[in-house]
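Here the structure is laid out as structure tokens; the discussion comes afterwards.
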Amino acid sequence: MNTTKQVGIDLGSRFVKMALFGGETTQFLRYDTVDFYKRYIIRRPDGISIDTERLGIPEDCAVTATGYGRNLMSFGNASVISEIKAHFRGALRASGKTDFILVDIGGQDSKVIWARDGYIEDFVMNDKCAASTGRFAENASSALGFTLEELGNMKENPADLSTTCAVFCESEIISLMASGTEPERIGAGINMSIAKRLAPLVKSYSAPYIFASGGAAENEAMLWFLSRLVDKEIHPVPEPQFNGALGCLNL
Amino acid sequence: MKKIGFTTTIPVEIVLSAGHVPVDLNNIFVAGSDPSALIEEAHTDGLPRNCCSWIKGLYTVGAKLKAVDEIIAVSNGDCSNTHALTELFGEAGIPVHTFSYPYNEPYPSKALKTQMELLAGKLGTTLKAASQYCEKTDKIRDKLKMLDRLTYEGEVSGFENHLWLVSSSDFNGDAGKFLKDVDDVIAKASLREKNDKSIRLGYIGVPPIIPAIYDFIESKNCKVVFNEVQRQFSIPSENADYVERYIEYTYPYGVMGRINDIAERIRERRIDGIIHYVQSFCFRQIQDTLIKKYLPVPVLTIEGDMPGNLDGRTKIRIDSFIEMLESKKKK
């Protein structure tokens, strides 16, 4: 029997993340975004919606959505909140702190949220550039032939990457490899360049704690560089990838 | 009677008193049926992708479509891209007059007066005649002030405010008709019920290359009650001295003057948050740092590049910003 009482869905640019709350425990599911839209979208003459039945979401279950596809959630029990609010609530709940900075590094957006006295005081997001996002790490690791997990351990002697562009970076990686630079050093350079992009956003605010969420928060080396640049410890939230989905739940 | 184009707002009474038709090239570009195609045409001619879309639109309108007979290029007070644009207009055989707002001049009023006199001379009129022409245009400017007030009082939408104020740089080429049109808008708006949406936003920065941003914002629980640069384009100064009006006009000068004007409007219009629109590759993106530092309310910076629909990334930012302002208000 399906005991799901509440569902939080974060429809991100790379992955759709779901947190299914059953009363005592929470189950997490993750889908590739493109696969998700191919499999679970229903096209009707009056628009499109999500096939909740196929996803196993019970009819009387409260659903809250965030992310790029949030407005697909236009059925009976569904409500929509912004990504900033979802991630803020996720971190607030997970940390129990009311004053913090949250760095969320998503597939194509990175955001820094400043929470004060338990409210969102301000936030800032990346400009029109993917060089500080998870997608950049993904492309770079694949160009280097590493998994994201492997990339997340590379912090020794980082190679200097001069390009500002996530797309052109690939050709820079190739030319560094052709000139004999060790791939691990290039990997470390990638992590450092993401951290360098994020540091000015984090430094716009000041708070006693800094937390990190999003897929790239699992990249330890990048967080290590970032914490050195902002001169403060950075703690990943317990379920970095599902922070937005968890923040959608009304617990 | 010639069509006199310009690259940004100039003392339009000079053009009108000379008996010519003023044409703001920006309005021709963005209000056309396919602004993106105009940019693509500029790309085909070799203008770089990583350069402001407005400049590329102006290039095609002026140099390729030859929409006007002569062009006034504002070489100081807007961006330095205009210098290169002037060269391309010249190459296309379009007569170009440069006009320069003073930058850090010891005697700005004197410098601006000289520029205005020179421009008047080039167009076959005098500064005195232009100043006297204000008798006619002041009627329009008074109406635009009324329309602006109705915007923050709730009868006129943020988009209507944008549209009419931004169009006042050239009065759509026909000052008489423009006055009548604005009158009609005000008459209709006065009959409407006041919009009492709870979040009051200010829009600052250059006019958006994606005007759909207004519909999106105003489909939420909020209302745009201030359009900074568009309001400046309507020359709100009531100074009796014609030259001084264009000294009090904030757009072509330093950002601190703009910030003081914006802060005053925030108080006057009880604004909860500011959307700062910046155009990709524009020098004004740098000024965002000072704007954020000195304005007393939260600022969301939105970057636009090409004309078209409002993209998902921008929507997500605006949604989050409005939600943040709502919860701050409830706090």
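Quick notes
- Helix-only CD estimate at 222 nm, as mean residue ellipticity for chain B, using -39500 (n - 2.57) per DSSP H run (n ≥ 4): -16000 deg cm²/dmol
- Between 0 and 90°, nearest 10: helix A:220-230 axis offset from chain A longest Cα axis: 70
- Model label points for B:ALA240 and B:LEU118, set 7 angstrom from Cα along the Cα-to-Cβ axis, are 3.0 nm apart.
- For the protein assembly as shown, the antiparallel share of DSSP beta bridges with both residues in that region comes to about 40%.
- Dipole magnitude for chain A: about 480 debye, using +1 per Lys or Arg Cβ and -1 per Asp or Glu Cβ, origin at the Cα centre.
- Farthest toward positive dipole pole in the stretch A:96-241 [+1 Lys/Arg, -1 Asp/Glu at C-beta], among A:ILE105, A:SER206, A:SER193: A:SER206
- Charge tally in the Cβ shell below 9 Å around A:PHE225, where Lys, Arg are +1 and Asp, Glu are -1, A:PHE225 excluded: +3
- Approximating the spin labels as points 7 Å out from Cα along Cα→Cβ, the B:ASN50-to-B:GLU135 distance works out to 5.5 nm.
- Mean Cβ neighbour count within 10 Å, used as a protection proxy, ranking B:124-131, A:61-68 highest first: A:61-68, B:124-131
- Shielding by other protein chains, A:118-124, mean Cβ within 10 Å: 5
- Its alpha carbons considered, the stretch B:3-128 gives a radius of gyration followed by a Dmax of 14.7, 45 Å.
- With respect to chain B, whose longest principal axis is taken over its alpha-carbon atoms, helix B:255-269 is tilted by about 50°.
- Estimated inter-spin distance, A:ARG39 and A:SER79, nm [label 7 Å along Cα→Cβ]: 2.9
- Converting the Cα gyration tensor eigenvalues of the protein assembly as shown into ellipsoid dimensions via √(5λ) gives semi-axes, longest first, of 47, 29, 22 Å.
- Extension gain, B:ASP174 to B:GLU268: 0.36 nm times the residue separation minus the Cα-Cα distance gives 30.7 nm.
- Given their separation in residues at 0.36 nm each and the Cα-Cα distance between them, B:SER198 and B:THR126 gain 21.0 nm when the chain is fully extended.
- Where both bridge residues fall in the stretch A:96-241, DSSP classifies roughly 65% of the beta bridges as antiparallel.
- Shielding of B:318-325 by partner chains, average beta-carbon count, 10 Å: 6
- Dipole magnitude of the protein assembly as shown, debye to nearest 20 (Cβ charges: Lys/Arg +1, Asp/Glu -1, about Cα centre): 1020
- Size of charge dipole - the stretch A:96-241 - debye, nearest 20, with Cβ of Lys, Arg +1 and Asp, Glu -1, no other charges: 340
- Nearest-ten-degree value, helix B:81-91 long axis tilted from longest Cα axis of chain B: 40
- Under-5 Å amide H pairs with B:ILE72, H placed in peptide plane, nonlocal only: B:GLY5, B:PHE6, B:THR7, B:HIS97
- Extension gain (nm, one decimal) between B:VAL297 and B:ALA92, 0.36 nm per residue minus Cα-Cα: 69.2 nm
- Restricting attention to chain A, close to 65% of DSSP beta bridges with both partner residues there are antiparallel.
- Counting only other chain Cβ atoms within 10 Å of each residue's Cβ, the peptide A:125-136 averages 2.
Quick note: the coordinates plus some simple rules give every number you see, no bench work behind them. Just so it is clear, the structure is predicted and the values come from calculations on it, not from any experiment. Positions of Cβ are backbone-derived with ideal geometry, glycine not excepted, and every protein chain shown enters the neighbour counts.
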